[in-house]
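The values are calculated or read from the model by the stated rules, or taken from the named source; none is laboratory data. Given the structure is predicted, the values throughout are model-derived calculations rather than measurements. As a convention, Cβ positions derive from the backbone with ideal geometry for all residues, glycine included, and neighbour counts pool all protein chains shown. Quick note on the areas: whole protein, heavy atoms, side chains included, nothing else; ligands and nucleic acids left out. Shrake-Rupley method; radii C 1.70, N 1.55, O 1.52, S 1.80 Å.
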Amino acid sequence: MPSAKNNQLLTIALFLLATIFAAGWLIFTPSTSKPGKTNVPSEPTMPSLESSRAELDNTVWAKEVSAQEHEKIFVHLWDRLRVGTEKHKILTRFPFNRLIIGRAEPAEKLEQGILQTIYSAPEIIMPRKEFVQKVNNLANQGYRLVQSEWHHSKFEQENNSSAKSTVSVVLHVKNPDQNKLLSIKANLVINWLSEMKPSPVPDSIAVTNLKILEKDSSVAFNQTHKLKGNPMVSPILVHDLNGNGFSDIIALGSNKVLFNTGGDFQTNQLHPKLPPILNTAVIADFTGDTLVDLITVDAKSNKLIILEGKKNETRFAEPIDCWPKHLELPSVITAGDVDGDGDLDLFIGQYKQPYLEGQMPTPYYDANDGHPAYLLQNSGNGKFIDITESSGLVKKRFRRTYGASLVDLNSDDKLDLVVSSDFAGIDIYEGNGKGAFKDLTKVWIDQRHTFGMSHVFADFNTDGKLDFFSVGMSSTTARRLDFMGLGRDEHKHIDLKRAAMSYGNRLYIANEKGFQQSPFNDQVSRTGWSWGCTAFDADNDSDTDIYVTNGHQSGKSAQDYCTTFWCHDIYTGDSDKNASIEKLFSKTMDKLINREISWNGFEHNAFLMNRGPNGFLETGFLLGVASEGDGRVTLSDDLNNDGRQDLILVESGFEQGGRVTQTLRIFSNLIETSNHWVGIKLKDTGLHFSPIGTKVKLRTHKGYQMDSIVTGDSLYGQHSSTIHFGLGDNESIDEIEVRWLNGTKKTLKNPPIDSYHLIESPSLQ
């Protein structure tokens, strides 16, 4: 930890640890002995480090420094729009000479009553005076700007000539008088005036790639409940604790349970002796008595604890240790029967914060220098034995992991393992059903590099195979640097990984050889600095949609720390502690820690509507779920059993002094369609028949759908043991097959639609 005499460093440490807030920071490394090292003294002084950065800004990064100067006017605009009440007046005061815009093509009607209008290439020249008149006219007609984003994606400048930029813009607009919502996206190609007094000003702005989505303002998702943490609420677990048929919500970070009475909730304490817990938990039957137990980590002792299920009103027994070792910073626990003995084993992934004590992950694209992961075998009574050494998972066990799931990817009734790690990406292991795993990452996927935050599994293309969606960090700054061709010649191995690592989310579709990235990948990749995700069919049209939470740290200004990260932090430091670098980080991050600036701030949560063969469309604002808070956890579940999947969201907020708080929000799905649906509710019935790992496959005359009960997906959360399928206009189902991990099947022939079916597994007798 930082020294006690340096209070600011201590603030940084506590701040980072409280939020698990790293997710895309990079490295530097001092020595040429291995990749990622730089030719600097082993103990550089603070002044020499600052001097080196200043020199690099004047040489290697000179164009990026100029890009930041040019974007200041848009940062100022964004800041004013967020806090201003009469936003149209702010827009009319923005200085430029002329706007060039295209003509509207005929509107296209999409799903859920959405109209899409695409504009042609820019051809109509609009003087600024005319632009001001149009904005004022729109305001007089009742149009109001609600949210916006402005990202400087490209920059061009040769020597001292006039510069050119591309700024990607998102505008969320409502008109209550006309019952309209508009989501506007475009790229602004800006030619700057050569005079820079006091800062660059646009000359012409050409609006390219303009697309407007329009929908009536009828509510699709409506926030119905909110729970403020003190300070935290996560992890969040969804499970029917009292057996009334409705999913309850456990806010473990606050020791609360929201008992569900059918869409309404009664908040109670979960357990009188629950200690403060660390980040992650899992709920399932670990003792084979058909009662669910709760496993988490005691933040005081850093020990793995179990609260065994009880039949009486307390619901859980007192917490006891279930494994003797200490953990450092656990981030995920996933459960599954990896050895075929019928009980649930555990894989635990841990995170290690970058920056603290001057260390950074090395190399940033394949870091294996964190706290160790563990594979734990269940002894049958809720006690665990470490079998990591014999499992085949040792080589990459020191990832800085956020997500991990035991899941049957190749349908052989043996659990495989998917691990999502910051500074490394995705690792995939094939399980043999006897507790051993083989690394097949390079065999099963073509691109694993990303800042891995979370993942979720679903049959996204309705072919009866399980696909998965991986969440990472997409970076406008990194793309801008690539466009300008900037980098450090002595660190080409670092620069060459920049595009892959900053690409963002990846959608992997199952095929005969493993998985291939979806042809629609670009449509789902760039949601921002993304964290949690959940996959569900929001409108029951049989295509699984995706919801992604975004935003790292939002401060007073949208001015972004990201440039410092990509131009300097990526090359500064290694896995070892370094006092001088620690002081450097403290100074360069001062404005961020004090919330004067942001790091990927004010990014809106994204709803990626699955349109089947037409790909995906981002419609978060039109559906009422484009929250601007810094999102973290998200889960989906039909909380009132009406056949429509609802949303659970956790946002992190930052108060003065760096204190982090979390807020839980529940959104009810009110989308009205004529589509049909069906659901399967699974129940624990003892050894070999845990819902975890169970696969459900549905067949209609149109084809197949499938899903599986998985833990460790999303982020700091656990979905319930319910599987939900949208059926579209199908009015009948041929059959539903439920297959447990031991190969036992149960088939429902022609089951009723628009209802849930409770499945209790058969016994082994």
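Among all residues of segment 164-176, there is none that is small (Gly, Ala, Ser), open to solvent by less than 40 Å² (accessible area, probe 1.4 Å), in a helix (DSSP H, G or I) and modelled with pLDDT of 95 or more. If you scan segment 380-407, which residues turn out to be farther than 23 Å from Met453 by Cβ and surrounded by 20 or more Cβ atoms within 10 Å (Cβ to Cβ)? Of everything in segment 380-407, those that are farther than 23 Å from Met453 by Cβ and surrounded by 20 or more Cβ atoms within 10 Å (Cβ to Cβ) turn out to be Gly382, Phe384, Ser391.
Of all the residues in segment 151-205, those that are of a type in the set (Gly, Ala, Ser) and in contact with a Pro (Cβ under 8 Å, 6 or more places away or on another chain) number 1. Select from segment 110-133 the residues that are in contact with a strand residue (DSSP E or B) (Cβ under 6 Å, 6 or more places away or on another chain) and part of a loop (DSSP other than H, G, I, E, B) and list them in ascending order. Of everything in segment 110-133, those that are in contact with a strand residue (DSSP E or B) (Cβ under 6 Å, 6 or more places away or on another chain) and part of a loop (DSSP other than H, G, I, E, B) turn out to be Leu110, Ile114, Pro122.
Residue-by-condition table, conditions (1) modelled with pLDDT of 95 or more; (2) under 28 Å from Lys154 (Cβ atoms); (3) not charged (D, E, K, R):
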position: Asn191; (1), (2), (3): yes, yes, yes
position: Ser199; (1), (2), (3): no, yes, yes
position: Thr208; (1), (2), (3): yes, yes, yes
position: Lys215; (1), (2), (3): yes, no, no
position: Ser218; (1), (2), (3): no, no, yes
position: His225; (1), (2), (3): yes, no, yes
position: Lys228; (1), (2), (3): no, no, no
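Somewhere in segment 587-606, is a residue outside any loop (DSSP other than H, G, I, E, B), open to solvent by less than 30 Å² (accessible area, probe 1.4 Å), under 30 Å from Phe259 (Cβ atoms) and out of contact with any Lys or Arg (no Cβ under 9 Å at 6 or more places or on another chain)? Show your work before the answer.
First, pick out the residues of segment 587-606 that are outside any loop (DSSP other than H, G, I, E, B): 587-588, 590-593, 598-599, 606.
Retained after the next criterion (residues that are open to solvent by less than 30 Å² (accessible area, probe 1.4 Å)): 592-593, 598-599, 606.
From the residues that got through so far, the ones that are under 30 Å from Phe259 (Cβ atoms) too are none.
Scanning segment 587-606 turns up no residue that is outside any loop (DSSP other than H, G, I, E, B), open to solvent by less than 30 Å² (accessible area, probe 1.4 Å), under 30 Å from Phe259 (Cβ atoms) and out of contact with any Lys or Arg (no Cβ under 9 Å at 6 or more places or on another chain).
Here is a yes/no grid of residues against (1) on the phi < 0 side of the Ramachandran plot; (2) acidic (Asp, Glu); (3) part of a loop (DSSP other than H, G, I, E, B); (4) in contact (Cβ under 8 Å) with a residue 60 or more places away in the chain:
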position	(1), (2), (3), (4)
Gln516	yes, no, no, yes
Gln523	yes, no, no, yes
Thr534	yes, no, no, yes
Val548	yes, no, no, yes
Gly555	yes, no, yes, yes
Phe565	yes, no, no, yes
Ile570	yes, no, no, yes
Gly573	no, no, yes, yes
Lys583	yes, no, no, yes
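So which residues in segment 110-126 are open to solvent by less than 50 Å² (accessible area, probe 1.4 Å) and without any contact (Cβ under 8 Å) to a residue 60 or more places away in the chain? Working first, answer last.
Narrowing segment 110-126 to residues open to solvent by less than 50 Å² (accessible area, probe 1.4 Å): 110, 112-114, 116-117, 120, 122, 126.
Of everything in segment 110-126, those that are open to solvent by less than 50 Å² (accessible area, probe 1.4 Å) and without any contact (Cβ under 8 Å) to a residue 60 or more places away in the chain turn out to be Ser120, Met126.
Give the residue that is least open to solvent (accessible area, probe 1.4 Å), with candidates limited to residues of segment 216-234 that are among the hydroxyl-bearing types (Ser, Thr, Tyr) and farther than 30 Å from Pro330 by Cβ. Before the answer, list the steps.
Taking segment 216-234 and keeping what is among the hydroxyl-bearing types (Ser, Thr, Tyr), we get 217-218, 224, 234.
Applying the additional criterion that residues be farther than 30 Å from Pro330 by Cβ yields 217-218, 224.
Details: Ser217: 43, Ser218: 62, Thr224: 64 Å².
Once the filter is applied, the top-ranked residue is Ser217.
Filtering segment 154-163 to residues that are crowded, with 17+ Cβ neighbours inside 10 Å and not in a loop (DSSP other than H, G, I, E, B) leaves Lys154, Phe155.
Which is modelled with pLDDT under 95, in contact with a helix residue (DSSP H, G or I) (Cβ under 9 Å, 6 or more places away or on another chain) and open to solvent by 10 Å² or more (accessible area, probe 1.4 Å), of Glu655, Glu628? If you could, list the steps in order and put the result at the bottom.
Numbers: Glu655 fails: in contact with a helix residue (DSSP H, G or I) (Cβ under 9 Å, 6 or more places away or on another chain).
Only one candidate passes the filter, namely Glu628.
Exactly one of (1) open to solvent by 10 Å² or more (accessible area, probe 1.4 Å); (2) in contact (Cβ under 8 Å) with a residue 40 or more places away in the chain; (3) assigned to a helix (DSSP H, G or I) is unmet by Lys492. Its number? Only one criterion is unmet by Lys492, namely (2). If you go through segment 410-430 and keep only what is assigned to a loop (DSSP other than H, G, I, E, B) and farther than 20 Å from Pro363 by Cβ, you end up with Asn410, Ser411, Asp412, Asp413, Lys414, Leu415. Taking the stated definitions as given, is Ser714 under 22 Å from Leu639 (Cα atoms), surrounded by 20 or more Cβ atoms within 10 Å (Cβ to Cβ) and either without any contact (Cβ under 8 Å) to a residue 24 or more places away in the chain or not β-branched (Val, Ile, Thr) (or both)? Taking the combined requirement at face value, the residue satisfies it. Applying the condition of being touching a His at 6+ places or on another chain (Cβ under 8 Å) and either among the small types (Gly, Ala, Ser) or part of a helix (DSSP H, G or I) (or both) to segment 495-514 and asking which residue is farthest from Trp599 (Cα to Cα) yields Ala500.
Residue count for segment 443-468 satisfying the condition of being surrounded by fewer than 17 Cβ atoms within 10 Å (Cβ to Cβ) and within 15 Å of Asp416 (Cβ to Cβ): 1.
Within segment 667-695, being within 25 Å of the chain's Cα centre (by Cα), of a type in the set (A, V, I, L, M, F, W, C) and surrounded by fewer than 21 Cβ atoms within 10 Å (Cβ to Cβ) holds for Leu670, Ile671. Could you tell me whether any residue of segment 640-648 is under 17 Å from the mean Cα position of the chain (by Cα) and either assigned to a strand (DSSP E or B) or free of Cβ contacts under 8 Å to residues at least 40 places away in the same chain (or both)? Yes, because at least one residue in segment 640-648 is under 17 Å from the mean Cα position of the chain (by Cα) and either assigned to a strand (DSSP E or B) or free of Cβ contacts under 8 Å to residues at least 40 places away in the same chain (or both). The single condition among (1) touching an Asp or Glu at 6+ places or on another chain (Cβ under 9 Å); (2) of a type in the set (Gly, Ala, Ser); (3) surrounded by fewer than 16 Cβ atoms within 10 Å (Cβ to Cβ) that Ser732 does not meet is (1). Scanning segment 536-546 for residues that are within 11 Å of the chain's Cα centre (by Cα) and assigned to a loop (DSSP other than H, G, I, E, B) yields nothing. Scanning segment 295-309 for residues that are open to solvent by less than 30 Å² (accessible area, probe 1.4 Å) and touching a residue at least 24 places away in the same chain (Cβ under 8 Å) returns Ile295, Thr296, Val297, Leu304, Ile305, Ile306, Leu307, Gly309. The set of residues in segment 61-109 that are among the basic types (Lys, Arg) and either surrounded by 13 or more Cβ atoms within 10 Å (Cβ to Cβ) or outside any strand (DSSP E or B) (or both) comprises Lys63, Lys72, Arg80, Arg82, Lys87, Lys89, Arg93, Arg98, Arg103.
May I ask you to list the residues in segment 563-575 that are in contact with a helix residue (DSSP H, G or I) (Cβ under 8 Å, 6 or more places away or on another chain) and over 23 Å from Thr476 (Cβ atoms)?
The first filter runs over segment 563-575 and keeps only residues in contact with a helix residue (DSSP H, G or I) (Cβ under 8 Å, 6 or more places away or on another chain), leaving 563-573.
Of everything in segment 563-575, just one residue is in contact with a helix residue (DSSP H, G or I) (Cβ under 8 Å, 6 or more places away or on another chain) and over 23 Å from Thr476 (Cβ atoms), namely Gly573.
Of the residues Leu237, Leu258, Leu213, which is open to solvent by less than 30 Å² (accessible area, probe 1.4 Å), over 23 Å from the mean Cα position of the chain (by Cα), closer than 22 Å to Pro275 by Cα and touching a residue at least 24 places away in the same chain (Cβ under 8 Å)?
Leu258
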